[in-house]
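Chemist: Following this message is one structure expressed as structure tokens.
The values are calculated or read from the model by the stated rules, or taken from the named source; none is laboratory data. Predicted model, so just to flag it, every value in this text is computed and none were measured. Because the Cβ atoms are built from the backbone with ideal geometry, glycine has one as well, and the counts that use them run over all protein chains shown.
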Amino acid sequence: ASSEPIYPCGICQKEVNDDDDAILCETGCGRWYHRVCTGLTIMAYNLLTAETSAEWVCNSCIESKNIPLVKLIT
């Protein structure tokens, strides 16, 4: 029995698991995204996830809500 994903990737719709490289669209839709689906490089992903004041935003939120790609919390 396949259940619906609890945290479906905003791009591929497959489950985002705890051990996946994944990033949250915090400022926008609040969905999780697999790193590979977003096209983020490992370096960019590591920098974003290590930097607590940086928030990543998915492409659809950037386009629909005019949110800057990386926002620094002040």
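Chemist: When only residues in region 1-20 that are more than 15 Å from VAL36 (Cβ to Cβ) and polar (S, T, N, Q) count, which is modelled with the highest pLDDT?
Modeler: Looking at the filtered set, the residue picked out is SER3.
Chemist: Quick one: would you say TYR33 is touching a helix residue (DSSP H, G or I) at 6+ places or on another chain (Cβ under 7 Å) and surrounded by 14 or more Cβ atoms within 10 Å (Cβ to Cβ)? Please lay out each step first, then the result.
Modeler: Working: touching a helix residue (DSSP H, G or I) at 6+ places or on another chain (Cβ under 7 Å): no; surrounded by 14 or more Cβ atoms within 10 Å (Cβ to Cβ): yes.
When the stated conditions are applied, TYR33 does not pass them.
Chemist: While we're on this one: Out of LEU48, LEU40, I need the residue that is surrounded by 11 or more Cβ atoms within 10 Å (Cβ to Cβ) and not in a helix (DSSP H, G or I). Which one? Full working, then the answer.
Modeler: Working: LEU48 fails: not in a helix (DSSP H, G or I).
Result: LEU40 is the single residue among LEU48, LEU40 that is surrounded by 11 or more Cβ atoms within 10 Å (Cβ to Cβ) and not in a helix (DSSP H, G or I).
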